[in-house]
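What follows is a set of notes on a single structure, which appears directly below.
The values are calculated or read from the model by the stated rules, or taken from the named source; none is laboratory data. Nothing here was measured: the structure is a model prediction, and the numbers come from that model. Counting neighbours? That spans all protein chains shown, and the Cβs are built from the backbone with ideal geometry, glycine included.
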Amino acid sequence: MLWSELLIPTLREAPADAEIASHRLLLRAGLVRKLAGGAYSFLPLGLRSLRKLETIIREEMNRAGAQEVLLPALHPRELWKKGPRYEAALPVMFAARSRTDTTADTEFLLGPTHEEVITELVAGHINSYRQLPKTFYQIQTKFRDEIRPRFGLMRAREFSMKDAYSFDATDDAAKLSYEKMYNAYKRIFARAGLRCVVVEADTGVMGGSFSHEFQVPCTIGESEVVFSDDGQYMAAIEKARTQPVPRTNPSSPSPAPEKFATPTAKTIEELTSQHSVPACDQIKTLAYLCDSRFVLLLLRGDHQLCEAKVGALGYQEYRPATEEEIVAALGAHPGSLGACGVDRKKIFKIHADLDLQEQLGMTTGANEDGFHLRQVDMGRDIRPDSYASLRTAQAGELTETGSPVRIERAIEVGHVFKLGTKYSDAFGAKYLDESGKSQTVVMGCYGIGVGRTLQAVVEQSHDDNGILWPVAIAPFTAAILQLDKSLSSEALKLRDELTALGVDAIVDDRDERPGVKFKDADLIGFPIRVTLGEKSLKAGGVELKWRHQKESTLVPLDQAAATVRQWAAAASDQ
């Protein structure tokens with residue numbers, strides 16, 4: 001391939017709205033261009049890298065026994081209404097309407113993912129245990145109406161995803177399918193040159209019994225991952241369980257709760273400073289609307305709610321209650337709220353964090369503006385419907401083995417879920433077992449953000465001069481920099497020799513100064529640079545240089561192609 005034949009619009013400076021290094025480099029290297037907020041065009045070099053990544057994904061999916069399909073991006077709204085998460089997913093979905101038929105049945109949604117579509121398909125075609133197990137996958141465009149698309153391909157409105165779905169006869173068989181996909185993901189990210197960690201994760205709106213995230217540690221990541229110092233514990237912040245700073249719990253029950261005036265204390269901090277009540281001795285009461293019902297969430301005053309854990313309580317939709325809704329249910333404004341003596345006809349559930357269990361002598365709001373209650377005992381004065389992990393883990397806390405934890409940011413590139421029967425129940429995906437009895441299919445689902453993974457490689461592998469592509473997904477493995485016009489035939493011959501050896505190479509045949517060619521090659525990040533000029537030929541051959549190394553190696557011209565092939569093969573085997 002000749003540079004002069006391709007569209008490679010490199011930039012010396014990145015657009016002002018490119019906030020992070022990988023976004024700036026994708027734009028500067030001429031790999032992508034922004035069309036609108038959250039929508040990007042892939043240019044020739046960017047598409048080459050994307051296709052190489054897709055090839056790795058396909059090879060590993062096929063190796064794991066999955067079958068490739070291609071499902072529509074346009075989904076009937078009625079299909080989603082049959083499913084278990086329509087209301088929860090609706091805020092992020094784009095809607096479309098037919099111009100020829102405006103009835104309700106012809107309203108469409110642009111698919112953010114395809115659980116509903118694939119389960120409907122399987123329900124219509126799999127009806128016997130002999131047809132199981134089955135795993136299907138696709139690489140398809142998805143659409144999500146992000147409120148704030150940002151960071152280029154990291155959080156886009158239109159993006160490429162590899163999604164896979166497993167269907168099994170039993171729960172044990174579903175675990176085996178999950179393990180196959182889990183291991184396939186590890187191979188995919190390793191081959192793509194990503195340094196990933198795998199963490200236990202929250203299932204969120206997707207649902208299911210358990211899941212794992214594949215995270216790339218990175219300071220600009222939007223996820224938070226909890227690591228123990230001994231390396232034995234890793235979890236997404238939404239799933240992390242740590243031991244809090246202990247509270248001194250009284251050894252005997254408290255006297256009856258006592259109401260006291262707190263006219264200017266409306267926060268945890270004000271109650272501490274004005275009335276000498278430590279935050280760990282306070283009960284923080286948060287009012288939420290969960291599936292349209294009023295719910296109270298209780299935590300220690302020095303702890304913060306991890307909102308994703310509300311979903312783990314079984315709710316599909318949840319949000320903080322408005323001040324008007326709070327007053328109507330509790331008779332007081334935020335700052336004086338509590339769970340003692342509430343009208344249970346107005347409160348659907350009370351959930352307390354595990355660290356409040358059996359705690360005595362606590363202080364909480366009295367549900368009367370300007371008043372609090374002290375000497376409140378959990379279990380006696382407040383009887384929650386359940387205790388659950390609700391709080392966010394904090395740096396420095398300990399794991400069960402006593403190791404301190406730290407919290408680092410990361411980019412989520414893949415997520416695997418064991419779904420169970422949530423979707424197969426909704427769509428009637430059943431089969432007849434060996435005895436002829438009808439059973440529900442057990443499902444799993446597995447996603448990789450393809451464009452996001454590509455950008456995560458750039459974010460993790462770059463320097464001040466540009467991208468450091470791994471050989472496996474570089475736009476071209478080698479760039480031949482032709483420094484003199486008179487060497488056109490030598491450059492083309494070397495390219496052809498490399499092609500014959502299975503190494504893709506681009507010849508920079510532009511009428512540009514050597515410095516421009518060197519800078520562009522480094523910016524784009526071709527792994528191997530081959531410098532072909534009259535000076536190097538007189539010195540004995542061509543100069544070969546790894547992108548990440550400073551020194552070059554002089555190799556005879558007739559040995560250059562074989563040497564590049566050896567270098568590339570060695571890098572691929574690492």
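In table form, for the structure just shown:
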item	result
Pairs, first part of a helix (DSSP H, G or I) in region 512-540, second modelled with pLDDT under 90, C-beta under 9 Å, six or more apart	534/486
Which listed residue is crowded, with 17+ Cβ neighbours inside 10 Å, touching a Lys or Arg at 6+ places or on another chain (Cβ under 7 Å) and part of a strand (DSSP E or B), from 136, 108	108
Considering residues of region 194-217 that are modelled with pLDDT of 90 or more and surrounded by fewer than 20 Cβ atoms within 10 Å (Cβ to Cβ) only, the residue farthest from the chain's Cα centre (by Cα)	195
Region 11-34 residues that are over 21 Å from residue 218 (Cβ atoms), paired with ones that are assigned to a loop (DSSP other than H, G, I, E, B) and among the charged types (D, E, K, R) (beta carbon under 9 Å, 6 or more apart)	34/17
Residue list for region 42-92, restricted to those being among the polar types (S, T, N, Q) and under 22 Å from the mean Cα position of the chain (by Cα)	49, 55
Filtered residues of region 414-434 (kept if out of contact with any Phe, Trp or Tyr (no Cβ under 6 Å at 6 or more places or on another chain) and part of a strand (DSSP E or B))	415, 417, 419, 420, 430, 432
Number of the condition not met by residue 167 [criteria: (1) surrounded by fewer than 21 Cβ atoms within 10 Å (Cβ to Cβ); (2) in contact with a Lys or Arg (Cβ under 8 Å, 6 or more places away or on another chain)]	(1)
Among residues of region 12-23, those that are out of contact with any Asp or Glu (no Cβ under 8 Å at 6 or more places or on another chain) and either aromatic (Phe, Trp, Tyr) or over 22 Å from residue 477 (Cα atoms) (or both), counted	8
Where residue 411 falls short, out of the listed (1) buried (at least 23 other Cβ atoms within 10 Å of the Cβ); (2) in a helix (DSSP H, G or I); (3) at pLDDT below 95	(2)
Residue check, residue 459 surrounded by 15 or more Cβ atoms within 10 Å (Cβ to Cβ) and either under 27 Å from the mean Cα position of the chain (by Cα) or within 22 Å of residue 238 (Cα to Cα) (or both)	yes
Flag for residue 248 being over 23 Å from residue 363 (Cβ atoms) and either touching a residue at least 12 places away in the same chain (Cβ under 8 Å) or more than 20 Å from the chain's Cα centre (by Cα) (or both)	no
Residue within region 467-490 that is farther than 30 Å from residue 66 by Cα, under 28 Å from the mean Cα position of the chain (by Cα) and surrounded by fewer than 24 Cβ atoms within 10 Å (Cβ to Cβ) present	yes
Strands (runs of 3 or more DSSP E) wholly inside region 1-78 containing at least 1 residues that are at negative phi and among the polar types (S, T, N, Q)	39-42
